[in-house]
Amino acid sequence: MTAVNLGMPAAPAPTLAPRRQSRKIKVGKVEVGGDAPISVQSMTTTPTTDINATLQQIAELTAAGCDIVRVAVPSADDAEALPAIAKKSQIPVIADIHFQPKYVFAAIDAGCAAVRVNPGNIRKFDDQVKEIAQAASDAGVSLRIGVNAGSLDPRLLAKYGKPTAEALVESAVWEASLFEEHDFHDFKISVKHNDPVVMVRAYELLAERGDWPLHLGVTEAGPAFQGTIKSATAFGALLSKGIGDTIRVSLSAPPVEEVKVGTQILQALNLRPRKLEIVSCPSCGRAQVDVYTLAEKVTAGLEGMTVPLRVAVMGCVVNGPGEAREADLGVASGNGKGQIFVKGEVIKTVPESMIVETLIEEAMRIAESMPAPENDAQAGAPVVTVGG
């Protein structure tokens, strides 16, 4: 009998479109653009002046799969904290600068991997591009030109009437040209808007104008549920066309949640290796077991698993056996019991009360026999796929 490769797809997994050819830059040890993997970013919510709390949060973000972290620098005290944070962080630190151009230079001197500058609200920014470019170049520090709908240059607001996609792109291209006039090219660009439709259009236009690496973000996306939907919609539209080199999901939620959502978006598009994936049906009148509870308990029981494993939790005889058979591990439930499948074969039938315990035990057994992933930090939380 010919062996069938079941479960997670072998690398390289298919994607919807080739990556856009952007120039490659470095943010500390992380490459961005070109053929580099798409990175996930987040931002600390602790006071930057509280060095220990900030480093603790960075450690939590790193463990969740964050590749690059940004910290706010609104004051001189924050700038003074940067050297210790940049030195001790496990991942590259970007200093987030607004209003005061002197903090750009302070962040470069502090050893930050990169500096995010907002041309729309930094005083006389255009007049200081030469000095910023020289300081960044001398220190080997990259920049992000971050154009935001909420802080667009007043001149462009007057021209366009509101922060349109065209206005965002005009601002970004103008600032990029100023740096390039001084032979500085180590920067990426973002053109963020809170409306996914405007945001997507802006990035599409920007992608046509040059080969700059692009940082994707829907700014002020909202609370966790709404922000996840808006970000997934916008990122999916762009990443499926190959546009985007690094992402940040902006949520009114703990930053670790941003990392989890961003990681899952990339995994869903096969732009990051998939890890644990739980396939479960949405339940219907055919279901003979409590699928919701089963799926939730299995997900909780396998939290933190980092190996590429597909687990199917199915509740009826229509799709259940097929989905369970095509997964690495699965259960087809009905009549108060469940058939447990491993690699396409039924290994046992257990009472409904033992389904969760059995699935977790079998998952652990399979995981122990699999090689560890190359980068555990990029594993993220379990992916739950609902089918029916």
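The values are calculated or read from the model by the stated rules, or taken from the named source; none is laboratory data. Quick caveat: nothing in here was measured; it's all calculated off a predicted structure. Ideal geometry is used to build each Cβ from the backbone, glycine not excepted, and the neighbour counts take in all protein chains shown. Areas reflect the complete protein model, heavy atoms only, side chains present, ligands, DNA and RNA absent. Shrake-Rupley method; radii C 1.70, N 1.55, O 1.52, S 1.80 Å.
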Relative to the longest principal Cα axis of the chain, at what angle does helix 255-268 sit, 0 to 90 degrees, rounded to 10? 70
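Loop only per DSSP, at most 12 neighbouring Cβ atoms within 10 Å: give me the trypsin sites (Lys or Arg not before Pro) in segment 166-206, ordered by residue number.
Details: sites: 188, 192, 201; in loops: none.
Sites meeting the loop and neighbour criteria: none at all.
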Starting at the first residue of segment 142-157, write each ³J(HN,Hα) from the Karplus equation 6.51 cos²θ - 1.76 cosθ + 1.60 with θ = phi - 60°, in whole Hz, x for Gly and Pro. 8, 10, 10, 7, x, 8, 10, 4, x, 9, 6, 3, x, 5, 6, 4
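Taking the square root of 5 times each eigenvalue of the Cα gyration tensor, what semi-axes in Å does the equivalent ellipsoid of segment 276-369 have, largest first?
On the way: eigenvalues 72, 35, 28 Å².
Working through the eigenvalues yields semi-axes of 19, 13, 12 Å.
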Using label points projected 7 Å from each Cα along Cα→Cβ, tell me how many nm separate residue 368 and residue 31, to one decimal. 3.8
Residue 50 - accessible surface, heavy atoms, 1.4 Å probe, Å² rounded to 10: 70
What distance in nm lies between label points placed 7 Å from Cα along the C-beta direction at residue 157 and residue 292? 4.5
Grab the eigenvalues of the alpha-carbon gyration tensor for the chain, scale each by 5, take roots, and send me the semi-axes largest first in whole angstrom. 44, 21, 18
Where segment 5-142 is the region considered: accessible area per residue in Å², 1.4 Å probe: 45
Taking the chain as a Gaussian network, where each spring joins two C-alpha atoms under 10 Å apart, which residue of 65, 336, 34 fluctuates the most? 336
Enter the accessible area of residue 125 (Å², nearest 10), with the probe set to 1.4 Å and all protein chains included. 10
For residue 309, the residues 5 or more places away or on another chain with a placed amide H closer than 5 Å to its own amide H are 276, 277
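Within 10 Å, at most 12 other Cβ atoms, and a DSSP state outside H, G, I, E, B define an exposed site. Report the longest part of the chain free of exposed GluC sites (Glu not before Pro). Kindly include the intermediate steps, with their values, before the conclusion.
Working: sites that count: 303, 374.
That would be 1-302.
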So if I place +1 on the C-beta of Lys and Arg and -1 on the C-beta of Asp and Glu, and nothing else carries charge, what would the dipole magnitude of segment 25-269 be about its Cα centre? I want it in debye, nearest 20. 420
Rank these by accessible area, largest first, 1.4 Å probe: 193, 185. 185, 193
Can you give me the relative contact order of the chain as a percent, contacts being Cα pairs under 8 Å and 6 or more apart? 16
Residue by residue, what Karplus-based ³J(HN,Hα) values in Hz, rounded to whole numbers, does segment 346-355 have, using 6.51, -1.76 and 1.60 with θ = phi - 60° and x for Gly and Pro? 6, 9, 5, 10, 10, x, 3, 5, 10, 4
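Would you mind counting up the charge near residue 253? Only other residues with Cβ under 14 Å from its Cβ, with Lys and Arg at +1 and Asp and Glu at -1. Display every interim value, and only then the final one.
Working: positive: 230, 248, 260; negative: 60, 220, 257, 258.
Residues close to residue 253 contribute a combined charge of -1.
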With r defined as the distance between the Cβ atoms of residue 174 and residue 303 and R0 fixed at 56 Å, what FRET efficiency is calculated, to the nearest 0.05? 0.75
